[in-house]
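Structure first, commentary second.
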Amino acid sequence: MKKKSDSANPQVIDLYLSHELFNTVISTLSMFMLTSESNPYAIFAEKLYKKIMNYGRYFLNNDEENVAIHLYENESALLIKLFAIYVNAIEAPNNDYFEEFKINRKNNIKL
């Protein structure tokens with residue numbers, strides 16, 4: 001991912017996806033779109049799905065098919081949250097990293 005900065009415009013994140021990763025992103029968004037139409041995540045997933053399908057840029061890199069997607073910071077953050085929700089539904093975490101995080105913050109430990 002690459003971040004573009006311009007003081008007059010919101011931050012834009014460039015996301016470059018291979019054929020396989022593109023299919024994974026679109027598939028995940030599609031799964032959210034199958035949930036209740038009133039679900040805010042389903043609504044966002046549909047908006048993001050349409051944006052990617054309509055405005056994603058196809059390109060070749062060393063004969064490999066790719067798609068470039070330009071997302072605003074809020075879109076990027078929500079995409080990450082959607083993936084976290086999706087992964088959590090498929091597989092429970094194998095460790096309680098939240099407790100580790102709290103202990104580190106409490107003791108001001110930096111990794």
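The values are calculated or read from the model by the stated rules, or taken from the named source; none is laboratory data. Being a predicted model, the structure only gives us computed values, none of them experimental. For neighbour counting, all protein chains shown are included, and Cβ atoms are generated from backbone atoms with ideal geometry for every residue, glycine included. To get the accessible areas, we keep the full protein, side chains included, count just its heavy atoms, and leave off ligands, DNA and RNA. Shrake-Rupley method; radii C 1.70, N 1.55, O 1.52, S 1.80 Å.
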> Inside the range 89-102, can you point out the residues that are open to solvent by 90 Å² or more (accessible area, probe 1.4 Å) and either in a helix (DSSP H, G or I) or under 27 Å from Phe22 (Cβ atoms) (or both)?
Replying inline: Ile90, Glu91, Pro93, Tyr97, Phe98, Phe101, Lys102
>> Any residue at all in the range 70-81 that's surrounded by 14 or more Cβ atoms within 10 Å (Cβ to Cβ), touching a helix residue (DSSP H, G or I) at 6+ places or on another chain (Cβ under 6 Å) and without any contact (Cβ under 8 Å) to a residue 60 or more places away in the chain?
In response: yes
> Got a sec? Which of Phe22, Phe59, Phe32, Phe44 is assigned to a strand (DSSP E or B) and among the aromatic types (Phe, Trp, Tyr)?
Replying inline: Phe59
> Within the range 1-13, can one find any residue that is of a type in the set (Ser, Thr, Tyr) and either part of a strand (DSSP E or B) or surrounded by 14 or more Cβ atoms within 10 Å (Cβ to Cβ) (or both)?
Replying inline: no
>> Quick check on this structure: which one of Ala45, Ala8 is of a type in the set (A, V, I, L, M, F, W, C) and at pLDDT below 95?
In response: Ala8
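So, in the range 29-52, how many residues would count as being of a type in the set (Phe, Trp, Tyr) and touching a residue at least 40 places away in the same chain (Cβ under 8 Å)?
Final tally of qualifying residues: 2.
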> What single numbered condition from (1) open to solvent by less than 50 Å² (accessible area, probe 1.4 Å); (2) under 24 Å from Asn88 (Cα atoms) fails to hold for Val67?
Replying inline: (2)
